[in-house]
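Engineer: What follows is a single structure, and I will ask about it in a moment.
All of the numbers you see were taken from the coordinates with simple rules; none came from a lab. Note that the structure is a prediction, hence the values are computed from the model and not measured. Cβ: placed from backbone, ideal geometry, glycine included. Neighbour counts: every protein chain shown.
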Amino acid sequence: MITFSKQQLKIPQMSRPVYMVTGGMSKFGRAIPEKRTEELVIDSFVEAAEFINMSPAELKRYIHSCYYGHFADHFGDQLLGEAVIHDRLGLDPLGNVGIKTGGATGGSTLWEAFKAVASGYSDCVLAMGWERMDEVPTDEGNHYIASAADKDWETPMGHIYTGYYAVMAQKYWQVFGKQEDSFRKTMAEIAVKNRGYARMNPHAQGPMKLTVEDVLNSPVVAHPLRALDCCLMSVGAACAILCDEETAYKLTDNPLKIHVSAGSHSLRVADRLNMDIPLLPNETPDQYKDLGERFPGGDRYPGFTGFLAARMAAHYAYGMAGIVDPTEDLDVVELHDAFTISDIQTYEDIGIRPYGEGRTYVESGDCYHTNPFTGKPGKLPANLSGGLLGNMHAVGATGIMQAIEVGHHIWGRWSEMHADEKKWAAFGRTKPDDWTDLQVKDAKRGLAISHAGVGSHVTATVLVHPDHELERRS
Amino acid sequence: MADRVEHGQVTVSNGRYRPSGKFHHGYANSPIRNDEGVLMGVTNPRDVTHIHSYGGEAPFFESLSKGKLLGTRCDNADCALHETMFVPFRIHCPDCLSRNTIVDVTDIANRTSKVHTFMITERTGAFNTLEKPIRFVNVEFEGVDTILMGYLSVGEPEIGMRVVPIFQTENPTYTIMDLSWVPEGTQKSELLPGFSFGK
């Protein structure tokens, strides 16, 4: 039985507050053969500068150190790509470092950038992430992604990463979904929702107007996961600028307080030893005593149904930001919907719903911008960007994109950044006639979850309007 | 997968790798153009052979070729994970980091293995060697604290199904692919070529 010490569970105490002042994104696509990676990176940086009415050169004058998220060197066949990007951004001789934690690379890049400011090392930093997954054919891409599993014990079996999530989907569906068709439909609704929201996002690679039946009839990738249950393979870049308080207010009147935390777990899901469920602030010690009775087979934690890394990241971040109940205390979330099943698992890991009841977040309508059953605002809208299913999964950029999207809502500038006809035209995309404003009204606090390797690394990024901070827990 | 070229071989002598033959093959690149004939980039073809150490896991992979499944156990009486059994084989205890004891779990696997979860896929990445559809099974054993990922080579998987390990004892690859799983009661004649039941 795994247990944790008091020292390991300590809520991080940063030396000073950190703010996100701006962020920017490139276009996202399955392939962007007309642009080199550095061009996409510069596109995102220019957007970040323009967002706070500065020129790129002016913004660069404030940056003191740089954090670069780029996971898959082997896709681009360029080791030390960070040095290339750093040079093309004209940021030499500032210190810079590359960060790679699989699918969580974007979130981990924010984590490192956050700590650099919080420690006092830098007053203003660049967190930039990108990925280039179009420079090998898709089956080689699948092999390369599967190389992030254990190369001796897992990768040789099929070289297909989706399979590692599919075994979780099968177990979750049988234990917590009780093999019900209704559960399978709930999974499909996530794909419909997120790809539908992607239609309102000019950056998005995979916008689709779908029905649940379309998802259930899409080709099987790894039973029970179908093509439309699975995220995109992408190219693109995203960046954020993080600052201390003094610098933040020099750059903008509206910086957002940012907290970033991280958790981890064994890369091989099968190696995960049993443990008691670590509790979040909105859970009680007795709550899960009968979990195995209510859901036979559900008493092995985390087993193949939970992500301990996500729970730990939430534990730290909620403590730092004073969040007790995420559904009550947050206004918008961007979750790592790499697969519809992992999205549901994450609702439970981060306390939006108790373990075993993740499906009700979708079935209640709470996760929608507008609750389809009541016509009122969703209680905690999720993945209005389109998420990884509809927007992109340009790995190193993903966690940063999520934070920017959450930020747009809190800044009250979501419409401005998604409605602009010029942006749609510049990306060669047609704005739909039924384009809908997805701005979450009066958003004050939001969360982004960045996740890797069947839960090997997870980060939690909380953004808070400075006028609406909650009391930190120790 | 057909070999286009003769690949290099490696032995270890006096604590050093001794490669022989050719380990890398380069080929001429070619231009990438769009429909209008404008140059967009180039291809970069090449073959590379990597060298990889199994280190302390080598006994596990050697044993598969002999029809044996090995696990490990923490025997440190002062450790919180004392007597925890690990399959997959862990060289060191993840808690106290002492060197684990190697344990033959073939008999346990033959008597108690069950499918914990599974998936079936028609799609694979490049370099896949398994016949499709592939059936992953994650197998649990009595008295073992972890679960082992593998592939089912006979029948259709179900959660809770009793399975037994089979081993590629003829022409082994010395990789995890030398271990497969079949439903309990499978006949020898149904096994994959070169595979046999555990000893």
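Engineer: For region B:30-76, what value does the Rg/Rh ratio take when both radii are computed over Cα atoms and Rh is the Kirkwood radius, given to two decimals?
Structural biologist: A ratio of 1.50.
Engineer: Per residue of region A:442-459, in order, report the coupling 6.51 cos²θ - 1.76 cosθ + 1.60 (Karplus, θ = phi - 60°) as ³J(HN,Hα) in whole Hz, putting x for Gly and Pro.
Structural biologist: Using θ = phi - 60°, the values come out as 6, 5, 10, 9, x, 9, 10, 10, 10, 9, 10, x, 6, x, 6, 9, 9, 10 Hz.
Engineer: Enumerate the amide H contacts of A:GLU334 below 5 Å, restricted to partners 5 or more residues apart or on another chain; note that Pro and chain-start residues carry no placed amide H.
Structural biologist: It is A:ASN383, A:LEU447, A:ALA448, A:ILE449, by chain and number.
Engineer: Work through the residues other than A:ASP43 whose Cβ is under 9 Å from its Cβ and net out their charges, Lys, Arg +1 and Asp, Glu -1.
Structural biologist: Counting the neighbours of A:ASP43, the net charge comes to 0.
Engineer: For A:LEU256, B:LEU192, what ranking results if the residue with the fewest other Cβ atoms within 10 Å of its Cβ goes first?
Structural biologist: On the way: A:LEU256 25, B:LEU192 14.
In increasing order of surrounding Cβ atoms, one gets B:LEU192, A:LEU256.
Engineer: Next up: Beta carbons within 10 angstrom, averaged per residue: use that to sort the peptides A:398-407, A:259-268, B:77-86, highest first. Numbers along the way, then the final one.
Structural biologist: Numbers: A:398-407: 31.5, A:259-268: 23.1, B:77-86: 15.6.
Ranked by mean Cβ neighbours within 10 Å, highest first: A:398-407, A:259-268, B:77-86.
Engineer: Now for a separate question. Run the paramagnetic zone check for B:ASP95: 7 angstrom along Cα to Cβ, then residues of region A:277-291 with backbone nitrogen under 12 Å.
Structural biologist: The answer is none, because no backbone nitrogen lies closer than 12 Å to the label point.
Engineer: For chain A, what is the calculated [θ] at 222 nm in deg cm²/dmol (nearest 500), taking -39500 (n - 2.57) for each run of four or more DSSP H residues and dividing by its residue count?
Structural biologist: On the way: 19 runs with 169 residues, N = 474.
Estimated from H runs of four or more residues: -10000 deg cm²/dmol.
Engineer: Let me understand chain B better: what is its radius of gyration from the alpha carbons, and its Dmax, in angstrom?
Structural biologist: 21.3, 72
Engineer: Averaged across the residues of B:125-137, what count of C-beta atoms belonging to other chains lies within 10 Å of each residue's C-beta? Could you put the intermediate results ahead of the total?
Structural biologist: On the way: counts 17, 12, 10, 9, 4, 4, 0, 1, 4, 6, 4, 10, 1.
Across B:125-137, the average partner-chain Cβ count within 10 Å equals 6.
Engineer: Still on this structure: What's the average, rounded to a whole number, of partner chain beta-carbon atoms within 10 Å of each residue's beta-carbon in A:220-227? Before the final figure, lay out each step's value.
Structural biologist: Values: counts 6, 4, 9, 7, 2, 2, 0, 1.
That average works out to 4.
Engineer: As a quick test, which of the pairs A:LYS178/A:LYS289; A:LYS178/A:LYS209; A:LYS171/A:LYS379; A:LYS10/A:LYS115 have an alpha carbon distance above 24 angstrom in this structure?
Structural biologist: Details: A:LYS178/A:LYS289 19 Å; A:LYS178/A:LYS209 29 Å; A:LYS171/A:LYS379 29 Å; A:LYS10/A:LYS115 16 Å.
As for pairs spanning more than 24 Å Cα to Cα, those are A:LYS178/A:LYS209; A:LYS171/A:LYS379.
Engineer: Relative contact order for chain A: what percent, with Cα pairs under 8 Å and sequence separation of 6 or more?
Structural biologist: Rounded, it is 25 percent for chain A.
Engineer: Ignore the peptide's own chain and count Cβ atoms of other chains within 10 Å of each Cβ in B:109-117; give me the average, rounded.
Structural biologist: What the average comes to for B:109-117 is 3.
Engineer: When A:TRP411, A:TRP435 are ordered from fewest to most other Cβ atoms inside 10 Å of their Cβ, what list results?
Structural biologist: Going from least to most buried by this count: A:TRP435, A:TRP411.
Engineer: Which value at 222 nm does chain B reach when only helices count, each DSSP H run of 4 or more adding -39,500 (n - 2.57), with the total divided by all residues and rounded to the nearest 500 deg cm²/dmol?
Structural biologist: Numbers: 2 runs with 14 residues, N = 199.
The helix contribution divided over chain B gives -2000 deg cm²/dmol.
Engineer: For A:VAL175, B:VAL164, B:VAL87, which order do you get if you count the other beta carbons within 10 Å of each Cβ and list the fewest first?
Structural biologist: The order, fewest Cβ neighbours first, is B:VAL164, A:VAL175, B:VAL87.
Engineer: Further question on the same structure: Using the Karplus equation 6.51 cos²θ - 1.76 cosθ + 1.60 (θ = phi - 60°), what ³J(HN,Hα) coupling, rounded to whole Hz, does each residue of region A:273-286 give in order, writing x for Gly and Pro?
Structural biologist: Running phi through 6.51 cos²θ - 1.76 cosθ + 1.60 with θ = phi - 60° gives 6, 5, 7, 5, 5, x, 8, 8, x, 9, 10, 10, x, 8 Hz.
Engineer: Using modelled amide H (1.01 Å from N, peptide plane; none on Pro or chain starts), what sits under 5 Å from the amide H of A:ALA262, excluding residues fewer than 5 places away?
Structural biologist: Residues meeting the amide H criterion: A:ALA460.
Engineer: Non-local amide H neighbours of A:ARG272 (under 5 Å, H modeled in plane, Pro and chain starts lacking H): which ones?
Structural biologist: Distant-sequence amide H within range of A:ARG272: B:ILE147.
Engineer: If packing is taken as the average number of other Cβ atoms within 10 Å across a peptide's residues, how do A:317-329, A:150-162, A:101-113 rank, most packed first?
Structural biologist: A:101-113, A:150-162, A:317-329
Engineer: Additional query: Taking the DSSP beta bridges in chain A as the whole, what percent of them are antiparallel, to the nearest 5?
Structural biologist: 70
Engineer: Could I ask something else about it? With a cut-off of 8 Å between alpha carbons and a minimum separation of six or more residues, what is the relative contact order of chain B in percent?
Structural biologist: 16
Engineer: Sequence neighbours fewer than 8 away in the same chain don't count; with that in mind, list the lysines whose C-alpha is under 16 Å from B:LYS188.
Structural biologist: B:LYS199
Engineer: Taking K and R as +1 and D and E as -1, what net charge do the other residues with C-beta under 12 Å from the C-beta of A:ARG300 add up to?
Structural biologist: Result for the neighbourhood of A:ARG300: -2.
Engineer: Using θ = phi - 60° and the Karplus relation 6.51 cos²θ - 1.76 cosθ + 1.60, list the HN-Hα couplings for region B:153-160 in order, rounded to whole Hz, with x at every Gly or Pro.
Structural biologist: With the stated coefficients, region B:153-160 comes to 10, 9, x, 10, x, 9, 5, x Hz.
Engineer: Can I ask one more? Calculate, in nm to one decimal, what A:THR284 and A:GLU416 gain on full extension: separation in residues at 0.36 nm each, minus their alpha carbon distance. Please list the in-between numbers first.
Structural biologist: Values: separation 132, 0.36 × 132 = 47.52 nm, distance 4.21 nm.
Stretched fully, the A:THR284-A:GLU416 segment lengthens by 43.3 nm.
Engineer: Continuing with this model, one more query. Can you compute the equivalent ellipsoid semi-axes for chain A, i.e. the square root of 5 times each eigenvalue of the Cα gyration tensor, sorted largest first and rounded to whole Å?
Structural biologist: Gyration-tensor ellipsoid for chain A: 31, 25, 23 Å.
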